[in-house]
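Colleague: Before I ask anything, here is the structure I am working with.
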Amino acid sequence: MSKGRTGKALAHELERVDIKAGHAAAEWHDHVVVRALKLVRELADQPPLIALSISTAVVGAARGDRRLARTGARMLASHLAATAIKAAIKRRVDRARPRLFSSDHDHRLTRGDRNEGPHNSFPSGHTAGAMAVSRAIMREYPGASGPAYAAAVATGALQLPTGSHFPIDVLAGAAIGVGSEALVARIFPDAAPERVPSA
C-alpha cells in the first residue's frame, strides 16, 4: 500500500473515531447539568469576550495601569484575529454538528460554503476565542496561567457534551487561538518585566 493511501486510510479512521466520540458525548446534551453549563459556555462567545477585553483596557487606562490596559488591547486583538481565522475556515468547510445526529457523511469535513450554524461545526469558535484571550492574559500576567488555561480548556471541553462540536473541531479551535495570540504577540511590545522589591 502506498504512503498516500495509508495516509488517507489513517485520516478516514481518525475521522470515524472523531465522529463516534462526538456522538457519544452529544448523547448528554439534554442532561440537566449540561443544560446548566451551556450558560457558562456562552461566556466564551464573541460578545462577552469582546466586552471583557474592552473593559480590561478601559479600566487599565482609567487607573493609569499601562500593563492592564495593554493586556486588554492584547486580548481584543488576539480574539479578533482568532475570530477572523475561524470565520474564514467555516466559510469553506461544511460539517454538521454532533447534536444533529445525522449520517456520518454529513459529519465529515467537506469543502463547502453552507455558512449556517448547524453545518459550521469546524472549527470551534468558542475554543479559539477562549484560548486566544487566555494566552493574551498569560503573556502579560504569567502568574495567571493556571486559571487562564483552566478556563480555556473548560470552554473547549464543554463543546462536546453540549453537542456543539466534535473533538477535532475543539483541537483545531485551540490551535487557532494559540496561533492567533502568537501572531498578535509579534506586533505588541513584550510584557513589562515584574518589579522585584528591593531588599
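Colleague: Leaving out ligands and nucleic acids, note down the accessible area per residue over the chain with a 1.4 angstrom probe, in whole Å². Before the final figure, lay out each step's value.
Modeller: On the way: 11060 Å² over 199 residues.
Per-residue value: 56 Å².
Colleague: Under 18 Å Cα-Cα from K8, which aspartates and glutamates qualify once same-chain neighbours fewer than 8 residues away are excluded?
Modeller: Correct list for K8: D18, D104.
Colleague: So what's the angle, to the nearest 10 degrees on a 0 to 90 scale, between helix 125-140 and the longest Cα principal axis of the chain?
Modeller: 30
Colleague: With a Förster radius of 22 Å, plug the Cβ-Cβ distance of H31 and L100 into 1/(1 + (r/R0)^6) and report the FRET value to the nearest 0.05.
Modeller: On the way: r = 18 Å, r/R0 = 0.81.
Once rounded, the FRET efficiency stands at 0.80.
Colleague: State log₁₀ I(q)/I(0) for segment 93-160 at q = 0.11, 0.22, 0.29 Å⁻¹ as given by the Debye formula over alpha-carbon point scatterers of equal weight, solvent excluded.
Modeller: -0.36, -0.85, -1.17
Colleague: Which ³J(HN,Hα) values, rounded to whole Hz and listed in residue order, are derived for segment 91-104 from phi using the Karplus coefficients 6.51, -1.76 and 1.60 in 6.51 cos²θ - 1.76 cosθ + 1.60 with θ = phi - 60°, glycine and proline given as x?
Modeller: 5, 10, 10, 9, 7, 5, 6, x, 5, 6, 6, 8, 5, 4
Colleague: Would you mind checking which residues have amide H under 5 Å from T110's amide H? H placed 1.01 Å from N; only 5 or more apart, or other chain.
Modeller: D94
Colleague: Hey, another quick one. Among 44-52, 111-119, 125-133, 70-78, how do they line up by average Cβ neighbours within 10 Å per residue, starting with the highest?
Modeller: Details: 44-52: 16.2, 111-119: 12.2, 125-133: 30.3, 70-78: 24.2.
Per-residue mean Cβ counts within 10 Å order the peptides as 125-133, 70-78, 44-52, 111-119.
Colleague: Still on this structure, please answer the following. Which angle between 0 and 90 degrees, to the nearest 10, do you get for helix 167-185 versus the longest principal axis of the chain when only C-alpha atoms count?
Modeller: 30
Colleague: Also, I was wondering about something else. Calculate how steeply helix 145-158 sits against the longest principal axis of the alpha-carbon atoms of the chain, using the helix alpha-carbon long axis, and give the answer as 0 to 90 degrees to the nearest 10.
Modeller: It works out to around 30 degrees.
Colleague: Now for a separate question. May I ask you to compute the full-extension gain from A62 to L39, defined as 0.36 nm times their residue separation minus their alpha-carbon distance, rounded to one decimal in nm?
Modeller: Working: separation 23, 0.36 × 23 = 8.28 nm, distance 3.04 nm.
Contour length minus the Cα-Cα distance gives 5.2 nm.
Colleague: So how far, in whole Å, is the C-alpha centre of segment 1-74 from the one of segment 107-147?
Modeller: Their Cα centres are 4 Å away from one another.
Colleague: What is the Cα radius of gyration of segment 1-51 over 2.2 N^0.38 Å, N being its residue count?
Modeller: Numbers: Rg = 17.9 Å, N = 51, 2.2 N^0.38 = 9.8 Å.
Scaled against compact globular proteins, the figure is 1.82.
Colleague: Hey, can you grab everything whose amide H is under 5 Å from the amide H of N120? Only 5+ residues off in sequence or another chain; H modelled, so Pro and N-termini drop out.
Modeller: R95, R97
Colleague: With a 1.4 Å probe and every protein chain kept in, tell me what percent of the accessible surface of segment 1-153 is carbon plus sulfur. Numbers along the way, then the final one.
Modeller: Working: 5370 of 8580 Å².
The value for segment 1-153 is 63 percent carbon and sulfur by accessible area.
The values are calculated or read from the model by the stated rules, or taken from the named source; none is laboratory data. Since we're looking at a predicted model, the values are computed, not measured. Here the Cβ is made from the backbone with ideal geometry for all residues, glycine too, and neighbour counts use every protein chain on show. Side chains are part of the model used for accessible areas, which takes the heavy atoms of the whole protein and leaves out ligands, DNA and RNA. Shrake-Rupley method; radii C 1.70, N 1.55, O 1.52, S 1.80 Å.
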